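Just below is one structure, and these are the notes that go with it.
The values are calculated or read from the model by the stated rules, or taken from the named source; none is laboratory data. In this text, all values refer to a predicted model and were calculated from it rather than measured experimentally. Heads up, the Cβs are rebuilt from the backbone with ideal geometry, glycines too, and the neighbour counts pull from every protein chain shown. Surface accessibility is based on the protein's heavy atoms, side chains included, excluding ligands, DNA and RNA. Shrake-Rupley method; radii C 1.70, N 1.55, O 1.52, S 1.80 Å.
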Amino acid sequence: MTPFTYSRAADAAEAIRLCSRPRAKYLGGGTNLVDLLRETVERPAALVDVTGLSSSIEERPDGGLLIGAAAKNTAVAECRAVRTRFPLLSRAIVAGASAQIRNMATVGGNILQRTRCTYFYDNEGSRCNKRAPGQGCDAIDGLNRGHAILGTSPACVATHPSDMCVALAALGAVVHVRSARGERTLPLTDLHRLPEDHPEIESMLDPGELITAVELPALPFAARSTYRKVRDRASYAFAMVSVAAALAVEGGNVKDVRLALGGVAPKPWRAWRAEAALRGRPATAENFRAAAERELAGAKPLRDNGFKIELAVRTIAAVLRELTGEGA
Ligand SMILES: Cc1cc2nc3c(=O)[nH]c(=O)nc-3n(C[C@H](O)[C@H](O)[C@H](O)COP(=O)(O)OP(=O)(O)OC[C@H]3O[C@@H](n4cnc5c(N)ncnc54)[C@H](O)[C@@H]3O)c2cc1C
């Protein structure tokens, strides 16, 4: 492991000041970053521990929530307001990793965790444009069963691994960030970048910019919502396809719907096309499938992962049927 200094920030201002040093990085629970240090994929000169920053979950009068970036994944999943107002978020979090990892992992770190592409981790033997820009991508012609089918580029086909972020994308979460220049907010759906020619640049954050909180705007119909994760093992495995969904049906028609996909794209994938196809239309199994097909129409399968297209279509349709009370 490359040597680094460690310091613990007492507040956001100190964290930002300490992280302005050359090659410094924030450290949340370390459940992703420490593995990357061990593999020498990440080589920061300094780590700034931000677990002492706000971890509160503040209930807003309108029904929204403000979740501190240092809140542990377990605390968010177990929070009563999250479970009742945004059950898809609790379900997405507990579908991820293991209880021990969720006890350590923070909201900020979960959002900025890095891909699980095995070629990205294989520092010694594989080419990866994300790890070494310009080197090439061994996943494109390699073992790519778990890789992305939407939003990819000739430079990178890695998926974003987070379950929590898929729920946050569906909920229209807003990320609060801070730097030496001040504070700003951005929708979670705009935070992660598609790879295009620069897969090494994964987010719209500037170097040293700190995530301080995540805001969930009030969304009353999200009380009827869920998260379904399809994977190779029942636990402790990343998604092949996952779906976060909330549905409001009135008079047999879709009044409103939120849909996002995981395991299929380099970022949490908000299914805007499917949502638009559903609003105002009869809430029928045929329309659910047609909307899902519309979302997947632009998919670009690789050698091993073409099955994800039909799997995503079926999972979207099944989850929507479940939310109408029909079961799947
Ligand atoms: C064996 C294993 C299985 C897993 N399975 C799943 C799974 O099925 N689903 C899933 O979703 N996840 C899974 N994970 C990933 C896990 O959820 C992440 O490791 C975790 O959420 C990262 O949180 P952390 O606080 O430990 O982040 P860290 O490892 O501390 O940091 C991750 C990144 O975020 C940056 N960062 C941290 N906090 C901030 C902040 N406040 N502002 C700006 N940058 C910040 C760090 O600099 C680093 O780049 C798994 C992990 C392991 C080890």
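Structure notes:
- Cα gyration tensor shape for the chain, rounded if a/c is under 1.5, else prolate or oblate: oblate
- Rounded FRET efficiency, nearest 0.05, which uses the C-beta distance separating residue 23 from residue 193 and R0 of 22 Å: 0.55
- Other residues within the sphere of radius under 12 Å centred on the Cβ of residue 120, judged by their own Cβ, net out at -2 (K and R +1, D and E -1).
- Separation of the alpha carbons by more than 25 angstrom is noted, of 229/267; 25/72; 255/300; 25/229; 72/300; 25/300, for 255/300; 25/229; 72/300; 25/300.
- Cβ-based net charge around residue 239, under 9 Å, with every Lys or Arg adding one and every Asp or Glu removing one: +1
- Inter-probe distance in nm under a simple model that places probes 7 Å from Cα toward Cβ, at residue 56 and residue 285: 4.9 nm
- Residue 249 long-range amide H proximity, modeled H, under 5 Å: 255
- Put a plus charge on the Cβ of each Lys and Arg, a minus charge on the Cβ of each Asp and Glu, and nothing anywhere else: the dipole of the stretch 275-320 about its Cα centre is then about 60 debye.
- 3J(HN,Hα) along the stretch 291-306, derived from phi through the Karplus expression 6.51 cos²θ - 1.76 cosθ + 1.60 where θ = phi - 60°, amounts to 5, 5, 4, 4, 5, 8, 4, x, 5, 10, x, 9, 4, 9, 10, x Hz, with x in place of Gly and Pro.
- Point-charge dipole on Cβ atoms (K/R +1, D/E -1) for the stretch 198-255, about Cα centre, debye to 20: 580 debye
- Of all accessible heavy-atom area on the stretch 220-328, the percent that carbon and sulfur account for (1.4 Å): 50 percent
- Extension gain from residue 45 to residue 5, taking 0.36 nm per residue of separation minus the Cα-Cα distance: 13.8 nm
- Karplus (6.51, -1.76, 1.60) ³J(HN,Hα), θ = phi - 60°, over the stretch 10-18, in Hz, Gly and Pro reported as x: 7, 8, 4, 4, 5, 4, 5, 5, 5
- Rounded if a/c under 1.5, otherwise prolate or oblate - the stretch 8-136, Cα gyration tensor axes: oblate
- If the segment from residue 307 to residue 294 were pulled out straight at 0.36 nm per residue, it would be longer than the present Cα-Cα gap by 3.0 nm.
- Site pair residue 223 and residue 250 shows an inter-label distance of 1.5 nm when each label is modelled 7 Å from Cα along Cα→Cβ.
- Mean accessible surface per residue for the stretch 75-199, computed with a 1.4 Å probe while every protein chain stays in place, in Å²: 41 Å²
- Among the protein heavy atoms, those of residue 323 account for about 10 Å² of accessible surface (1.4 Å probe, every chain in place).
- One chain, two ends: residue 84 and residue 99. Fully extended at 0.36 nm per residue, the span grows by 3.3 nm beyond their Cα-Cα distance.
- Residue 79 exposes around 30 Å² of accessible area when a 1.4 Å probe is run over every protein chain in place.
- Using the Karplus relation 6.51 cos²θ - 1.76 cosθ + 1.60 with θ = phi - 60°, the per-residue 3J(HN,Hα) values for the stretch 82-94 come to 5, 5, 8, 8, 9, x, 4, 6, 4, 5, 5, 5, 6 Hz, with x marking Gly and Pro.
- Structure-based [θ]222 nm, the chain - -39500 (n - 2.57) summed over DSSP H runs of at least 4, per residue, nearest 500: -7500 deg cm²/dmol
- Residue 56 contributes about 60 Å² of solvent-accessible surface, heavy atoms of the protein only, 1.4 Å probe.
- Selected from 163, 190, 62 as most flexible by GNM, with the chain as the system and alpha-carbon contacts under 10 Å: 62
- For the stretch 184-328: rounded, prolate or oblate by the Cα gyration tensor [a/c cutoff 1.5]: oblate
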